[in-house]
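Scroll down for the structure; my scribbles are underneath it.
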Amino acid sequence: MNTPPPTTLPWEAAAELLRNARRVLLIAHVSPDGDALGSTLALTFALRNMGKHAVPTCQDQPHPRFGFLPGVHEVRQALPPGEHFDLIIALDSSDIARLGTIYQPEQHAALPLLVIDHHITNTAFGTVNVIDPSASSTAEIVFALLKHMGTPITPEIANALLTGVITDTQAFRTSNTTPQTLANAVELMRLGGNLQEITRQALVLRPFDSLRLLGAGLASAQLEERVAYAVIPQKLRAELGVREERGDGGLVGMLISAYEVDIAAVFVELPNGEVEVGLRAQPGFDVAQVAFEMGGGGHPAAAGCTLPGPLREAVNRLLPRLKQAARGR
Ligand code: AMP
Ligand code: MN
Ligand code: MN
């Protein structure tokens, strides 16, 4: 894993890249969450207000729950053909693989790459890296960068940034919530962020399907030592008539809520046979290290990785390592 965060971040180097750029490609990580989308859209709006051409992208289509976010339908799932860029910005992405198919090394490797992220496992893969694992969200870092530059924070920028803060802290409930996070949220609300709408749309409302998936997942969950885990095969989705091809319906967050559990894992079989693993840990335990060893990444309390299938082999490979992490606090 990377060395601890630099005490001083390269704010000015990042600001200079933004000021000098004219055509900017912004990339949110695959399977985008509220922080990836919120920080990408906020920076897109700010760059456009500075008179620059900015294109927000993400390999995967945003989930309909983010439909309330202005600009989300502008996020493109492919590179605009024939367009040239002079700066690339990677947001909320701990390594280059998280950029998915949008990042094309043969076209992009020669361009400056600005990495803005808060994952402790970040591999610092940019030309300039603004990485702060103490930030609740990438949105908080983008907020600080825009303030450093003196860029006006419009209501739409504030709303996008507040979405990142609220979703990555599960509405200020997770251990990454600091006094600075709350202060930022107050400021973003005053600037036009809609806390109630974001909380309801991005965190509370869900398709009925996902409740059935959650129920089936909970019913089959196992507890071994202090590790809880569950598997979601594609077959189960088909049986329950679940339309979404990925995701755990919030199951891993439910498993970690039990007193008897220090580490929780959910193994989701993807349509291509790979296995997406979501990991959670109680304070004092670290799943980021385990995820990083398996080619993924994340935060000590919430991390993930993608393993080759089949499902049973992925479980057999990871479970002993999770038990070890649960013993070694
Ligand atoms: P999730 O369980 O999908 O909510 O992810 C929890 C955390 O782990 C988030 O911060 C993700 O960005 C990170 N994460 C999930 N999957 C991966 C992966 N395959 N590679 C790197 N980081 C991941
Ligand atoms: Mn994210
Ligand atoms: Mn994030």
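The values are calculated or read from the model by the stated rules, or taken from the named source; none is laboratory data. The model shown is predicted, which means the values in this text are computed figures rather than measured ones. For neighbour counting, all protein chains shown are included, and Cβ atoms are generated from backbone atoms with ideal geometry for every residue, glycine included. Heads up: the accessible areas ignore ligands, DNA and RNA and are worked out on the full protein's heavy atoms, side chains in. Shrake-Rupley method; radii C 1.70, N 1.55, O 1.52, S 1.80 Å.
Among the residues of the stretch 144-186, count how many are touching a residue at least 12 places away in the same chain (Cβ under 8 Å) and over 21 Å from the mean Cα position of the chain (by Cα).
7
Residue pairs, Cβ under 6 Å, 6 or more apart or interchain, first in the stretch 17-46 and over 27 Å from G296 (Cα atoms), second polar (S, T, N, Q) and more than 13 Å from ligand 1 (Cβ to nearest atom). List them.
A46/T151
Exactly one of these conditions fails for A90: (1) within 16 Å of ligand 3 (Cβ to nearest atom); (2) open to solvent by 70 Å² or more (accessible area, probe 1.4 Å). Give me its number.
If we test A90 against (1) within 16 Å of ligand 3 (Cβ to nearest atom); (2) open to solvent by 70 Å² or more (accessible area, probe 1.4 Å), just (2) comes out false.
Going through G273, G278 one at a time, which residue ends up being open to solvent by 10 Å² or more (accessible area, probe 1.4 Å), more than 22 Å from I131 (Cβ to Cβ), within 16 Å of ligand 3 (Cβ to nearest atom) and free of Cβ contacts under 8 Å to residues at least 40 places away in the same chain?
G278
This table checks each residue for (1) basic (K, R); (2) outside any loop (DSSP other than H, G, I, E, B).
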{"site": "R206", "(1), (2)": "yes, no"}
{"site": "L211", "(1), (2)": "no, yes"}
{"site": "G215", "(1), (2)": "no, yes"}
{"site": "L223", "(1), (2)": "no, yes"}
{"site": "V231", "(1), (2)": "no, yes"}
{"site": "K235", "(1), (2)": "yes, yes"}
{"site": "E239", "(1), (2)": "no, yes"}
{"site": "D248", "(1), (2)": "no, no"}
{"site": "Y259", "(1), (2)": "no, no"}
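Looking only at residues that are assigned to a helix (DSSP H, G or I) and touching a residue at least 60 places away in the same chain (Cβ under 8 Å) in the stretch 122-142, which one is surrounded by the fewest Cβ atoms within 10 Å (Cβ to Cβ)?
Among residues in the stretch 122-142 that are assigned to a helix (DSSP H, G or I) and touching a residue at least 60 places away in the same chain (Cβ under 8 Å), the one surrounded by the fewest Cβ atoms within 10 Å (Cβ to Cβ) is I141.
Go through the residues of the stretch 114-121 one by one and say whether even a single one is in a loop (DSSP other than H, G, I, E, B), β-branched (V, I, T) and in contact with a helix residue (DSSP H, G or I) (Cβ under 8 Å, 6 or more places away or on another chain).
There is at least one residue in the stretch 114-121 that is in a loop (DSSP other than H, G, I, E, B), β-branched (V, I, T) and in contact with a helix residue (DSSP H, G or I) (Cβ under 8 Å, 6 or more places away or on another chain).
Each row is one residue, and each column tells you yes or no for (1) within 16 Å of ligand 3 (Cβ to nearest atom); (2) in contact with a helix residue (DSSP H, G or I) (Cβ under 7 Å, 6 or more places away or on another chain).
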| residue | (1), (2) |
| --- | --- |
| W11 | no, yes |
| V24 | no, yes |
| I27 | yes, yes |
| S31 | yes, no |
| T44 | no, no |
| A54 | no, yes |
| Q59 | no, yes |
| F66 | yes, yes |
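Out of the residues in the stretch 25-45 that are outside any helix (DSSP H, G or I) and in contact with a Ser or Thr (Cβ under 7 Å, 6 or more places away or on another chain), state the one that is farthest from ligand 2 (Cβ to nearest atom).
L25
Here is a list: R98, R48. Which entry is surrounded by fewer than 21 Cβ atoms within 10 Å (Cβ to Cβ), among the basic types (K, R) and either not in a loop (DSSP other than H, G, I, E, B) or not assigned by TED's automatic domain parsing to the domain that holds S137 (or both)?
R48
Hey, among the residues in the stretch 281-303 that are more than 16 Å from ligand 2 (Cβ to nearest atom) and closer than 21 Å to I96 by Cα, which one's least open to solvent (accessible area, probe 1.4 Å)?
V290
Across the stretch 174-185, what is the total count of residues that are away from ligand 1 (no atom under 14 Å from the Cβ) and open to solvent by 70 Å² or more (accessible area, probe 1.4 Å)?
3
Taking the stated definitions as given, is T127 at pLDDT 95 or above and away from ligand 3 (no atom under 16 Å from the Cβ)?
Yes: the conditions hold for T127.
Only residues that are touching an Asp or Glu at 6+ places or on another chain (Cβ under 8 Å) and part of a loop (DSSP other than H, G, I, E, B): list them for the stretch 172-202, please.
T174, N176, G192 - these are the residues of the stretch 172-202 that are touching an Asp or Glu at 6+ places or on another chain (Cβ under 8 Å) and part of a loop (DSSP other than H, G, I, E, B).
Testing A221 on (1) more than 21 Å from G34 (Cα to Cα); (2) free of Cβ contacts under 8 Å to residues at least 24 places away in the same chain; (3) not charged (D, E, K, R), one condition comes back false. Which one is that?
For A221, the exception is condition (2).
Can you tell me how many residues in the stretch 246-267 are away from ligand 2 (no atom under 16 Å from the Cβ) and modelled with pLDDT of 95 or more?
15
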